[in-house]
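The values are calculated or read from the model by the stated rules, or taken from the named source; none is laboratory data. Note that the coordinates shown come from a computational prediction; the quantities given were computed from them, not determined experimentally. Heads up, the Cβs are rebuilt from the backbone with ideal geometry, glycines too, and the neighbour counts pull from every protein chain shown.
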Amino acid sequence: MLVSLIAAVFVVLWSTGFVVARAITPYADPNLFLLARFSGTALIFALAALATRAAWPSGRDLGKHLLAGALLQGVYLGAGYWAVAQGLSAGVMALLGALQPLATAAVAAPLFGERLSRRGWSGMALGLAGVVLVLAPKLGAAAPTTHASAPAWLVVLISILAIGAITAGTLFQKTSLAKADIRSASAVQNFGAALVAALLALALGEHRWMASPTLWASLAWGIVMLSGISVTLLVWMVRRGDAARATALMFLAPPLAALEGYIGFGETLLPVQIAGFAVALVGVLLARS
């Protein structure tokens, strides 16, 4: 019961990342926002670890935690935001993101001996099909290209890199890093993500920050709910169980984001998207059974 509740909380919070990304667009450059978000979360976990006298990673493990955090959040979100800014449809990026559970399942098998049954793989396929149905009305929509300067092949390559990064960052949590205290580990990993965001913000010359209630509310949500609670729940689930079954929950993020867009922004919610939500839900239940 507790695991099911944690899974439900995780997927709902994770899905709001799409809403936050849209909400901050008029007010801040993405990597500058991510730098503030990751830094804030790192500070909270660092204070929690110090207050409870939690053990800190050291030596080679410290570097591994920095790398894991850089991949799980920094590279994934930074590369994904950049690809969309260069003209990649947000729908296509979300669809690529839905491939992450499949990639995790494929890699986890040889590395950790995790093997999905035929029922599990059928669930994965249904989950992906559900995401395709949800995103189908948006896949033909072009993203703004006024500032696009990179060649198309590079945009595609970077978007694939983003999916590879989150897959690697997730699987890292199954290694010796799982022995670390989750409070100090989260502080170090969010700091690793912040380093990536800082480098990208500097490299891309990002400086736009127009203070507003929407921006501050989005930042608070990102610090506490997204990088704080959501990512930590993902790490906890991966540590305690199969990585593939944990990441299968991500199939529900695009459908939930579509529902949140309908409620919060008045976006269209078509019957095919509702059907996709149902198909994705059945797929996740099968993959996790």
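Some points to look at:
- Matching residues in the stretch 49-88 - criterion: being surrounded by fewer than 22 Cβ atoms within 10 Å (Cβ to Cβ), at negative phi and not in a helix (DSSP H, G or I): Thr52, Ala54, Ala55, Trp56, Pro57, Ser58, Gln86
- Residues that are under 28 Å from Ala178 (Cα atoms), aliphatic (A, V, I, L, M) and within 15 Å of the chain's Cα centre (by Cα) within the stretch 53-93 comprise Ala68, Ala70, Leu71, Leu72, Val75, Leu77, Ala79, listed in sequence order.
- Residues satisfying the stated conditions in the stretch 108-126, i.e. touching a helix residue (DSSP H, G or I) at 6+ places or on another chain (Cβ under 6 Å), assigned to a helix (DSSP H, G or I) and more than 15 Å from Val282 (Cβ to Cβ): Ala108
- The test for being at pLDDT below 85 and part of a helix (DSSP H, G or I) does not hold for Val134.
- Unique residue being within 17 Å of the chain's Cα centre (by Cα) and more than 23 Å from Gly283 (Cβ to Cβ) when the list is Thr247, Thr214, Thr232: Thr232
- The numbered conditions (1) of a type outside the set (A, V, I, L, M); (2) at pLDDT 95 or above; (3) out of contact with any Gly (no Cβ under 6 Å at 6 or more places or on another chain); (4) closer than 30 Å to Leu281 by Cα are all true for Phe45 except (4).
- Taking the stretch 264-279 as the range and being at pLDDT 85 or above and either under 27 Å from Ala103 (Cα atoms) or among the β-branched types (Val, Ile, Thr) (or both) as the test, the residues that pass are Val272, Gln273, Ile274, Ala275, Gly276, Phe277, Ala278, Val279.
- Verdict on Glu206 being among the acidic types (Asp, Glu), modelled with pLDDT under 95 and assigned to a helix (DSSP H, G or I): no
- The stretch 52-98, subset polar (S, T, N, Q) and modelled with pLDDT under 80, residue farthest from Arg37 (Cα to Cα): Ser89
- Near pairs, Cβ below 9 angstrom, 6+ apart or cross-chain, from the stretch 223-245 (over 24 Å from Val19 (Cα atoms) and of a type outside the set (A, V, I, L, M, F, W, C)) to any residue that is at pLDDT 95 or above and assigned to a helix (DSSP H, G or I): Arg239/Ile182
- Every condition in (1) of a type in the set (A, V, I, L, M, F, W, C); (2) more than 24 Å from Leu35 (Cα to Cα); (3) in contact with a Phe, Trp or Tyr (Cβ under 7 Å, 6 or more places away or on another chain) is met by Ala244 except one, and the failing one is (3).
- Checking Thr247, Thr268, Thr214, Thr232 one by one, the residue that is in contact with a helix residue (DSSP H, G or I) (Cβ under 9 Å, 6 or more places away or on another chain), in a helix (DSSP H, G or I) and surrounded by fewer than 18 Cβ atoms within 10 Å (Cβ to Cβ) is Thr214 and no other.
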